[in-house]
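The values are calculated or read from the model by the stated rules, or taken from the named source; none is laboratory data. Predicted model, so just to flag it, every value in this text is computed and none were measured. Cβ: placed from backbone, ideal geometry, glycine included. Neighbour counts: every protein chain shown. These accessible areas exclude ligands, DNA and RNA; they are computed on the full protein's heavy atoms, side chains included. Shrake-Rupley method; radii C 1.70, N 1.55, O 1.52, S 1.80 Å.
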Amino acid sequence: VFQTFGVRTSSSRHEVNMFPFPSRCLARHGSRLATVVGVRPARSPKAWQQFDTDCFAHVARAVSSSGRFLRAAIEPPGVSREKALMESVAATERATADAAASGDKEKVRVQRFVSGLCSKDYFYGNMNNCQFIRLYLPDQQHQWLRQQGSKDGSGGSLPVLFLIHGGFWKSKWSCDNTQTTSLVPDFLQRGFAVALVEYRRREMPGGEWPGPEEDVTVALQHLRKIAEAEPLDLSRVVVLGHSAGGHLALAACARAAALHDEGAVHPCLCISVASVPDMLPGYEAKLSDEGDAIERYMGFHPDSEDRHQRYEDASISSRLPLSIPTLLVSGSEDVDVPPRLLADFHKRCVATAPSGVPVELLEIYGGNHYNLITAGDRAWRQLARKMTKMLQQTCGWQLPPQMDDYDVTKERGFLPCPDPLQNCAAQLPLGFSAKSEELLNAWEACVAELPSHLCAGTVRNRISALPDASLGSSGDLLDWQVLLLGDEARAERAFLLLSWIGHAWVWGEAKVANQLPHNIAVPWVEVARILGRPAILTYYSFNAFNWRRLDPAGPIALGNISRLNNFLGGQDEEWFSTVHVSIEALAGQGLAAAVAAQRTVARGAEGPGHQELSDWYGCLATELEMVAETVDGMVATLQRMKERCDPYIYYMRVRVFMKGWTADELPDGMVYSGVPAHSTEDHEGPWRRERFFGETGAQSSVVPALDSALGLAMSDDPLLPYLEAMRGYMPPKHA
């Protein structure tokens, strides 16, 4: 890449000297540059300058991210954009160095998230150290949400994420050292411009209420001024705040909704994460390590009628109804801000919300105060999926999907990566209790012995001997619950084991059982809650999480995969399942190609990487051809089913264990002993009764995903409600 650009490197001093490479060598290397860097060569002087900038940004980011320092010798010297890029990268390096020198470990850690990213600070107040917006723009390859202006692609504009950090309004927490900053590169990859907001905090002049709220409100409207110089689409603004920033997000959106002047910024979605919407409940909760976050923010205790009213004025409930679509997010294990604060606020919102303005609450089981806003974490991916869905439903945005949000890979499709865990009790963390270890080992041993006990007709005696599983409540979970909450692969293995044991209990003897014993029902329902699926054997446990490779270095394909567990065993059961696993793996290429095609369409024919309209059509055709080839491969693999799976044996020996609680043998469904009934259930007895469907290939996400990507809708068919219900049996991230 350096040779192509005309760049001279110095390995001894780790410096890079940039020369005016495009103006002299593009005549020779223009097409090669476009291929390597992925930006579009242009045909006008103005566009060439933009091309220079894009190339420079790629090299600067690549070198900076590897920890090297940059020094520029750009000719001619009057090009401001290149200077701005160099100054931005240098500023990032200085910030990292300053953080290291200050001994602020959090700042050092957080600055790594944005290392090498170009930004520019825009000041909206007189206190430059705390009243600014740090703006990041996505590179050309990630600008698929850019609305094109003129035909040559210039004048386009980007959606904006207005990002507000938390920290209980303490001055020691800023956009430089809070976890919220981890979302900057994540949203850049999604195609957003990111406006990271700094505001006055406690111990600063004006840092008590209403100062921070006023700052964020002014900053939101200051985007109008920034849009004069930067390609921002102010009709597509999403506000996201965390913790104290979540309160400020709600306040800024409430104030923005009240503005009626022409050109005012009105966000299309507000996302408030782990926030304190109302001051009095927050005061009573004694928030922060010192327990005084609210009174320090307000500047006083609510010990008089006037001060009590000031607390009410600062609360979001005093400004209901909300007139901007809002997503409230809490984590069940948040010990910093109790989830009930948002849950109670949501009830008040729903009671007052005007028609057509959704206010939704997303409660993430296992979420804590920080993993909700940690890019890449399972809790964040769940939040991101919900955000994408709300933007599509309420704003009509068509966001190209991020495959990482759905745990989909080109190599494996919806199959897990790494390969499924083979033993739930393997490599337990230090300090794990002996009782919980015994519980996990007991489940493993029971499933390993199921084929023998099923043949002997003694399976219920074996299952009855399993130990009981005690449960802790939110905030005081037992170690086995905490382990599964933090380890999805282990949770999937536990769910598989309990599903095997549960179905063996029901279908494994001559008389069908209509009630599950408490030593299985209680932990099964709990693990199902952790994973977000019903407590029944599903397609994913039967197939997608139940395989291993014979040669660990070989492909996930027929001939190199086998089952981890079977009910009765034998060639027919083994082959039936491994065919499905192979199909799932094959689907990955088609899914990746479908996503690439969506992004190609989103970029448009005038987007980066396409010199001519024919290039755009050719790229799209190649991606769609890959989808077609993938489907052909999946069909060819399915047709191999008859090689080693006899339909009669499958139906009589395999299918029987896959039936659900809607089968004819269970007219009243299944009782889960020890699990309290739903408040809405209308039947005798204290325990929960369910009528779940059994395992079926309709619970696979592959065909629905390809249908959706290609815009294929189901016809009005009696089977449609059933197929839609099957989404509830998929992992939530795949549904």
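Some points to look at:
For (1) over 20 Å from Gly694 (Cα atoms); (2) open to solvent by 40 Å² or more (accessible area, probe 1.4 Å); (3) touching a residue at least 12 places away in the same chain (Cβ under 8 Å), each residue gets a yes or a no:
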| position | (1), (2), (3) |
| --- | --- |
| Leu591 | yes, no, yes |
| Gln639 | yes, yes, no |
| Lys642 | yes, yes, no |
| Leu666 | no, no, yes |
| Val671 | no, no, yes |
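- Among the residues of the range 408-431, not a single one is farther than 30 Å from Leu183 by Cα and among the hydroxyl-bearing types (Ser, Thr, Tyr).
- Any hit, the range 681-696, residues being charged (D, E, K, R), modelled with pLDDT of 90 or more and more than 31 Å from the chain's Cα centre (by Cα): yes
- For the range 697-719, the set of residues classified as among the aliphatic types (A, V, I, L, M) and either within 22 Å of Ser582 (Cβ to Cβ) or open to solvent by less than 40 Å² (accessible area, probe 1.4 Å) (or both) consists of Ala698, Val702, Val703, Ala705, Leu706, Ala709, listed by residue number.
- Hits in the range 145-165 (condition: in contact with a Gly (Cβ under 9 Å, 6 or more places away or on another chain), modelled with pLDDT of 75 or more and over 26 Å from Arg202 (Cα atoms)): Leu145, Arg146, Ser157, Leu158, Pro159
- Residues of the range 361-388 that are over 30 Å from Leu478 (Cα atoms) and open to solvent by 10 Å² or more (accessible area, probe 1.4 Å): Thr388 alone.
- Test result for Ile520, in contact with a strand residue (DSSP E or B) (Cβ under 8 Å, 6 or more places away or on another chain) and either touching a residue at least 12 places away in the same chain (Cβ under 8 Å) or not in a strand (DSSP E or B) (or both): no
- Test: residue in the range 561-581 that is under 26 Å from the mean Cα position of the chain (by Cα) and within 30 Å of Trp507 (Cβ to Cβ): yes
- The single condition among (1) more than 30 Å from Thr178 (Cβ to Cβ); (2) at pLDDT 95 or above; (3) not basic (Lys, Arg) that Ile373 does not meet is (1).
- Within the range 321-332, not a single residue is at pLDDT 95 or above, farther than 26 Å from Gln392 by Cβ, of a type in the set (A, V, I, L, M, F, W, C) and open to solvent by less than 10 Å² (accessible area, probe 1.4 Å).
- Residue list for the range 471-486, restricted to those being without any contact (Cβ under 8 Å) to a residue 12 or more places away in the chain and either touching a His at 6+ places or on another chain (Cβ under 6 Å) or over 18 Å from Gly674 (Cβ atoms) (or both): Asp476, Val482
- The lone criterion from (1) touching a helix residue (DSSP H, G or I) at 6+ places or on another chain (Cβ under 8 Å); (2) without any contact (Cβ under 8 Å) to a residue 60 or more places away in the chain; (3) in a strand (DSSP E or B) left unmet by Arg688 is number (2).
- None of Gly263, Gly191 is at pLDDT below 95 and either in contact with a Leu (Cβ under 7 Å, 6 or more places away or on another chain) or hydroxyl-bearing (Ser, Thr, Tyr) (or both) except Gly191.
- Which listed residue, of Leu450, Leu415, Leu391, Leu466, is open to solvent by less than 50 Å² (accessible area, probe 1.4 Å), touching a helix residue (DSSP H, G or I) at 6+ places or on another chain (Cβ under 9 Å) and in a helix (DSSP H, G or I): Leu450
- Count of the range 175-186 residues which are open to solvent by less than 20 Å² (accessible area, probe 1.4 Å) and either assigned to a helix (DSSP H, G or I) or modelled with pLDDT of 95 or more (or both): 5
- Those residues of the range 517-529 which are open to solvent by less than 10 Å² (accessible area, probe 1.4 Å) and either modelled with pLDDT under 95 or β-branched (Val, Ile, Thr) (or both), in sequence order: Ile520, Val527
- Within the range 113-137, tally of residues that are free of Cβ contacts under 8 Å to residues at least 24 places away in the same chain and either part of a strand (DSSP E or B) or surrounded by 14 or more Cβ atoms within 10 Å (Cβ to Cβ) (or both): 2
- Selection within the range 201-228: residues that are open to solvent by less than 40 Å² (accessible area, probe 1.4 Å) and of a type in the set (D, E, K, R). The member of this set that is farthest from Gly167 (Cα to Cα) is Asp215.
- For the range 418-430, the set of residues classified as without any contact (Cβ under 8 Å) to a residue 12 or more places away in the chain and open to solvent by 60 Å² or more (accessible area, probe 1.4 Å) consists of Gln427, Leu430, listed by residue number.
The rows are residues; the columns are (1) of a type in the set (A, V, I, L, M, F, W, C); (2) under 24 Å from the mean Cα position of the chain (by Cα).
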residue: Asp186; (1), (2): no, yes
residue: Val194; (1), (2): yes, yes
residue: Leu220; (1), (2): yes, no
residue: Leu223; (1), (2): yes, no
residue: Pro231; (1), (2): no, no
residue: Arg236; (1), (2): no, yes
residue: Leu240; (1), (2): yes, yes
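- Residue within the range 293-315 that is within 28 Å of the chain's Cα centre (by Cα) and either within 27 Å of Leu383 (Cβ to Cβ) or open to solvent by 20 Å² or more (accessible area, probe 1.4 Å) (or both) present: no
- Any chance Arg653 is open to solvent by 50 Å² or more (accessible area, probe 1.4 Å) and either in contact with a Phe, Trp or Tyr (Cβ under 9 Å, 6 or more places away or on another chain) or hydroxyl-bearing (Ser, Thr, Tyr) (or both): yes
- Residues (out of contact with any Pro (no Cβ under 8 Å at 6 or more places or on another chain), aliphatic (A, V, I, L, M) and farther than 20 Å from Asp292 by Cα) located in the range 184-220: Val184, Val194, Ala195, Leu196, Val197, Val216, Val218, Ala219
- Hey, Arg255 more than 25 Å from His369 (Cβ to Cβ), without any contact (Cβ under 8 Å) to a residue 60 or more places away in the chain and not acidic (Asp, Glu) or not: yes
- The range 472-497, subset over 10 Å from Cys424 (Cα atoms) and small (Gly, Ala, Ser), residue surrounded by the most Cβ atoms within 10 Å (Cβ to Cβ): Gly486
- Flag if Val337 is within 25 Å of Ser541 (Cα to Cα), among the hydrophobic types (A, V, I, L, M, F, W, C), open to solvent by less than 20 Å² (accessible area, probe 1.4 Å) and in contact with a Gly (Cβ under 9 Å, 6 or more places away or on another chain): no
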